[in-house]
Amino acid sequence: MKTFNYHSAKDVKEASKLASSSSAFLAGGMTTIPSMKLGLATYKNIIDIKGIKKLSGIKVSGKAVTIGATTKHAEVANSKEIKKAIPSLAALAEGIGDPQVRNRGTIGGSIANNDPAADYPSACIALNAVIHTNSRKIDAEKFFKGMFETVLKSGEIIEAIEFQVPQKSNYQKFPNPASRYAIVGVYVAKHKNGINVAVTGAKSCVYNDKDLAKTLSSNFSAASINNVRVSSSGMNSDIHASAEYRANMVKVFAKKAVEAC
Ligand SMILES: Cc1cc2nc3c(=O)[nH]c(=O)nc-3n(C[C@H](O)[C@H](O)[C@H](O)COP(=O)(O)OP(=O)(O)OC[C@H]3O[C@@H](n4cnc5c(N)ncnc54)[C@H](O)[C@@H]3O)c2cc1C
């Protein structure tokens, strides 16, 4: 690992001011530290945001669940309030990685990193999330730009993620047996104003499958999904699963999610 300067920021303003094109924020460090150790990334400045109180915590109201950016996966998984308001979100957090990863990794780090196989981006899309940063509020549909890419600007810090409480929802994934990242994950959410079917792991970036959502809007049943054709075009193909296999898994896991709603 190359040498770097470590800063522990006292507040969001200081953290943002320290940021540059050669810095990274340190939240859980579950991506940043292994990337540095493996020589995949080098930074001159590491800005630790874990100590900023404002960035952590869970607030639940009738309509929304708002989670601070440095809230750990284990805290989401174990929150009684989240389990009651959006059980599928707590279950998703419980399915991330292993106990070590869940006790260090954070929701803000996960969505800022936007790994194509990460779980939380699908929750953001399915649950019409609004990403609160230190300078603006961004709808999830506009936040995830591409593989490991978001619309975040240099120095922009995610402060919290606000999820809409759905009428029904469920997340199902086929986990990589080693890491538990999603080979394919499908998050179905039925809201008063529409249905979202967010898919992760299948393409280079999370997406909302509009065809599945449209079909479920007219008939919310697993059987209705049989008639939808999910194309393998643009899907990932690797040692774990071919594009065709992933396309089929999208249907299979969408059906499972609807059945479990
Ligand atoms: C072995 C292993 C297994 C895993 N399995 C899964 C899995 O099954 N599913 C899954 O979804 N994930 C999985 N992960 C990822 C993990 O859950 C973390 O969410 C992820 O690594 C990033 O979160 P972090 O808090 O560790 O971020 P960090 O590593 O600290 O930061 C990652 C990036 O996000 C940026 N960042 C962090 N916080 C903010 C913020 N508030 N505002 C703006 N930018 C920010 C940093 O600058 C950095 O570029 C796994 C990781 C490991 C190591």
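The values are calculated or read from the model by the stated rules, or taken from the named source; none is laboratory data. Since we're looking at a predicted model, the values are computed, not measured. When we count neighbours, we look across all protein chains shown, and the Cβ atoms used for this are built from the backbone with ideal geometry, even at glycine. When the accessible area is computed, the model is the full protein with side chains, heavy atoms only, and any ligands, DNA or RNA have been set aside. Shrake-Rupley method; radii C 1.70, N 1.55, O 1.52, S 1.80 Å.
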Exercise. If you roll a 1.4 Å probe over the heavy atoms of the protein chains, what accessible area per residue do you get for region 80-152, in Å²?
Worked result: 42
For this session: First select every other residue whose beta carbon is under 14 angstrom from the beta carbon of A222; then total the charges, Lys and Arg +1, Asp and Glu -1.
Result: +4
Exercise. Which number comes out as Rg/Rh for region 101-165 once both Rg and the Kirkwood Rh are worked out on C-alpha atoms?
Worked result: 0.93
For this session: Indicate the gyration tensor shape class of region 6-104 (rounded, prolate or oblate), computed on the Cα atoms with a ≥ b ≥ c the square roots of the eigenvalues: a/c under 1.5 is rounded; otherwise a/b larger than b/c is prolate and the rest oblate.
Result: oblate
Problem set entry | MRE, 222 nm, helices only [DSSP H, n ≥ 4, -39500 (n - 2.57), over the chain, to nearest 500] | -8500 deg cm²/dmol
Problem set entry | Rule-of-thumb Rg ratio for region 1-51 [Cα; 2.2 N^0.38 Å; N residues] | 1.06
Exercise. In whole percent, how big is the carbon plus sulfur part of the accessible area of the chain, probe 1.4 Å, protein atoms only?
Worked result: 50
Exercise. When ranked by the protection proxy of mean other Cβ atoms within 10 Å per residue, highest first, what sequence do the peptides 114-121, 77-84 form?
Worked result: 114-121, 77-84
Problem set entry | Residue-normalised accessible area of region 168-260, given per residue in Å² at a 1.4 Å probe | 48
Exercise. Expressed as a whole number of Å, what is the distance separating the alpha-carbon centroids of region 109-156 and region 46-91?
Worked result: 15
Seminar exercise, completed: In vacuo Debye sum over C-alpha of the chain, base-10 log of normalised intensity I(q)/I(0) at q = 0.07, 0.08, 0.10, 0.12 Å⁻¹, listed in q order, is -0.23, -0.30, -0.48, -0.68
For this session: Write down the Å³ per residue value for the convex hull defined by the alpha carbon atoms of region 63-179.
Result: 98
Exercise. Got a sec? Charge dipole of the chain, +1 on Cβ for Lys and Arg, -1 for Asp and Glu; which of L127, L40, A64 is way out at the positive end?
Worked result: A64
Exercise. Can you give the accessible area per residue of region 1-53, in Å², using a 1.4 Å probe?
Worked result: 64
Seminar exercise, completed: Where a ≥ b ≥ c are root eigenvalues of the Cα gyration tensor, a/c under 1.5 meaning rounded, otherwise prolate if a/b exceeds b/c and oblate otherwise, region 168-260 counts as prolate
Seminar exercise, completed: Spelling it out for V184: with amide H atoms placed in the peptide plane at 1.01 Å from N, the residues 5 or more places away or on another chain with amide H under 5 Å from its amide H are F174
Exercise. Considering only DSSP states other than H, G, I, E and B, which chymotrypsin sites (Phe, Trp or Tyr not before Pro) in region 1-108 qualify as loop sites with at most 15 other Cβ atoms within 10 Å?
Worked result: F4
For this session: Pop out the ³J(HN,Hα) list for region 93-100 in order, Karplus 6.51 cos²θ - 1.76 cosθ + 1.60 with θ = phi - 60°, rounded to Hz; leave Gly and Pro as x.
Result: 4, 5, x, 7, x, 10, x, 4
